[in-house]
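The values are calculated or read from the model by the stated rules, or taken from the named source; none is laboratory data. No experiment lies behind these values; they were computed from the predicted model shown. Virtual Cβ from ideal backbone geometry, glycine too; neighbours counted across all protein chains shown. In case anyone asks, the SASA skips ligands and DNA or RNA and just uses the protein heavy atoms, side chains included. Shrake-Rupley method; radii C 1.70, N 1.55, O 1.52, S 1.80 Å.
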Amino acid sequence: MQINQNTLSIWLKQLLVATLYLSLGLIFQLKFSSNGIVSIIWPGSGLALALLLVGGRRYLWGIFIGSLLLNALLDDSLWAVGGITLANVLEPLLGVWLLTRHDRSILFLRTLPVLRTLPD
């Protein structure tokens, strides 16, 4: 069985995304969370949104795996792990849909309608 270069590249990118998401989550949960459950800052959402905006939906599996591993390490309830993982995957999908729903690509923040109404 031979694995071609493209398949290996795809899997390595997914693994990198999952590792980044897991690392950011662990750092912010352990360092910036007062109770170990809720963090005021969650950079994993920003990472996931940026990945989906730039790379498309192909990075959903990496986000899902990273979130699943993170929540499995931090929580003990299967329902909590599943619910939080689902929310962590649906959140950037909703963000991408809201930003690109009018079939316009977001190249600069100045292209957002809200920012065009603000004075310079």
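Karplus-based coupling profile of the stretch 88-94, in residue order and whole Hz: 5, 8, 6, 4, x, 5, 5, with θ = phi - 60° in 6.51 cos²θ - 1.76 cosθ + 1.60 and x standing for Gly or Pro. Residues Ile40, Ile84, Ile63, Ile27, ordered by accessible area of protein heavy atoms at a 1.4 angstrom probe radius and largest first, appear as Ile40, Ile27, Ile84, Ile63.
The HN-Hα couplings worked out from phi for the stretch 13-20 by the Karplus form 6.51 cos²θ - 1.76 cosθ + 1.60 (θ = phi - 60°) are 5, 4, 5, 5, 4, 4, 5, 4 Hz, whole numbers, x standing for Gly and Pro.
Each residue, Val54 and Phe28, gets one label point 7 Å from its Cα in the Cβ direction; the gap between the two is 1.6 nm.
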